[in-house]
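Notes to accompany the following structure.
The values are calculated or read from the model by the stated rules, or taken from the named source; none is laboratory data. The shown structure was predicted, so the numbers you read here are calculated from the model rather than taken from an experiment. Every residue, glycine among them, receives a Cβ derived from its backbone with ideal geometry; neighbour counts consider all protein chains shown.
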Amino acid sequence: MPRVVITPASLDYDPTEVAAPWLVLSGAGHEVSFATTDGERARPDTLMMTGEGLDPWGFVPGLKKLRGIGRILGADEHARRAHVELEKDARFGKPARFAELRAEDWDALVLPGGHRARGIRRYLEDVALRRFVVDMFEAGRVVGAICHGTVVAARAVSDRTGKSVLSGRKTTSLTWAQERLATRIANVTRFWDPGYYRTYREEHGEPAGYRSVQAEVTRALARPEDYQDVAASDPDFAIKTDGRHRDTAEDARCAFVVRDGAYVSARWPGDAFTFAKAIDAALLEPARLDPRSPRVVASSNHGG
């Protein structure tokens, strides 16, 4: 039975990006475990979990349960149901520590995201996790990264090559267009906390988007064109990019997932079920261990 480890941030992980892969991969018969920085049970970003607090009245105790924008930006019913089941899993409640992880013990790694700086920065900057990511890539294991999880992979630099493990690979991530749109919405709807959607903010003199997920991931690549986004010619371009549609276990039309050999990447929670199915497909292919024959799938229906 393939062994998969999911590594959520200890605080403020995105609930969809953890629960959907857990549901799909455990349902496919894989043994799914968890690890965190300190080995303590991880806690999700409650705003993403409930959608409460994402509207202009969200700071008012008696009104925050009235969800408008929060209904769109927070986890949908499929993800919330999956997360309820996830919290019953004994392995989720007793994670390992990042420093304890060894590549020889695992067949696959899932790097979920989250954006709230108070919890996610610690995750993105964890050195032990980066070392494990390098080891997993160099061992030819399956690695999946979604949203801010791609930043962890981008920062994982191999001692052997001196380059990011993503150098020479094709990838997607949370796009600057998505991050910018969410920030603009938050400037209005969550005006008392306008930085909520930006994990890192630009410093003086840096151009807009320089600290975005897309920009950092792109800087780690061998070529800027290795960064993948939805093509304007895609027949489902509108629903893939409008920020309102999310995939399900049965419907992948709005998802965008990139696979390059044993590496799978996706943009945001709206891709999470299709992302997990692509990881499952990679685990079932013996050829995944051959790093000389990467292939890319950028598809609305991969694994659907």
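At a glance:
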{"quantity": "Lone qualifier among T199, T189 - being at pLDDT 95 or above and polar (S, T, N, Q)", "calculated": "T199"}
{"quantity": "Selection from the range 1-55 of residues that are under 14 Å from the mean Cα position of the chain (by Cα) and part of a loop (DSSP other than H, G, I, E, B)", "calculated": "T7, P8, A9, D14, D45"}
{"quantity": "Only one of R130, R169 that is under 16 Å from V217 (Cβ atoms), touching a Phe, Trp or Tyr at 6+ places or on another chain (Cβ under 6 Å) and surrounded by fewer than 24 Cβ atoms within 10 Å (Cβ to Cβ)", "calculated": "R169"}
{"quantity": "Search result, residues across the range 97-124 that are under 25 Å from M49 (Cβ atoms), touching a helix residue (DSSP H, G or I) at 6+ places or on another chain (Cβ under 8 Å) and of a type in the set (K, R)", "calculated": "R97, R116"}
{"quantity": "Test: residue in the range 104-111 that is over 18 Å from L11 (Cβ atoms) and without any contact (Cβ under 8 Å) to a residue 60 or more places away in the chain", "calculated": "yes"}
{"quantity": "Subset of the range 143-169 (residues that are in a strand (DSSP E or B) and out of contact with any Ser or Thr (no Cβ under 6 Å at 6 or more places or on another chain))", "calculated": "V143, G144, I146, S164"}
{"quantity": "The lone exception for Y210 - which of (1) assigned to a loop (DSSP other than H, G, I, E, B); (2) crowded, with 19+ Cβ neighbours inside 10 Å it fails", "calculated": "(2)"}
{"quantity": "Whichever residue in the range 16-64 is of a type in the set (A, V, I, L, M) and within 20 Å of A278 (Cβ to Cβ) and, among such residues, is surrounded by the fewest Cβ atoms within 10 Å (Cβ to Cβ)", "calculated": "A28"}
{"quantity": "Count - residues of the range 181-238 that are within 23 Å of A145 (Cα to Cα), β-branched (V, I, T) and out of contact with any His (no Cβ under 9 Å at 6 or more places or on another chain)", "calculated": "4"}
{"quantity": "Condition met for G51 (free of Cβ contacts under 8 Å to residues at least 40 places away in the same chain and at positive phi)", "calculated": "yes"}
{"quantity": "Residue in the range 67-86 that is closer than 17 Å to V4 by Cα and either in a loop (DSSP other than H, G, I, E, B) or touching a helix residue (DSSP H, G or I) at 6+ places or on another chain (Cβ under 6 Å) (or both) present", "calculated": "yes"}
{"quantity": "Long-range neighbours under 6 Å by Cβ, at least six apart or interchain, first residue touching a residue at least 40 places away in the same chain (Cβ under 8 Å) within the range 188-210, second among the aromatic types (F, W, Y)", "calculated": "R190/Y196; W192/F59"}
{"quantity": "Strands (runs of 3 or more DSSP E) contained entirely in the range 231-304, each with at least 2 residues that are touching a Ser or Thr at 6+ places or on another chain (Cβ under 9 Å) and at pLDDT 95 or above", "calculated": "257-260, 263-266"}
{"quantity": "Selection count, the range 170-186, where residues are assigned to a loop (DSSP other than H, G, I, E, B) and within 15 Å of the chain's Cα centre (by Cα)", "calculated": "4"}
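To keep it simple, each residue is scored yes or no on (1) farther than 24 Å from A182 by Cα; (2) free of Cβ contacts under 8 Å to residues at least 60 places away in the same chain.
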position	(1), (2)
D242	no, yes
A249	yes, no
G261	yes, no
F273	no, no
A281	yes, yes
L284	yes, yes
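Table: residues versus (1) outside any helix (DSSP H, G or I); (2) within 19 Å of the chain's Cα centre (by Cα); (3) farther than 23 Å from A20 by Cα.
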{"position": "K88", "(1), (2), (3)": "yes, no, no"}
{"position": "F92", "(1), (2), (3)": "no, yes, no"}
{"position": "L109", "(1), (2), (3)": "yes, yes, no"}
{"position": "H115", "(1), (2), (3)": "yes, yes, no"}
{"position": "R118", "(1), (2), (3)": "no, yes, yes"}
{"position": "R121", "(1), (2), (3)": "no, yes, no"}
{"position": "A128", "(1), (2), (3)": "no, yes, yes"}
{"position": "V133", "(1), (2), (3)": "no, yes, no"}
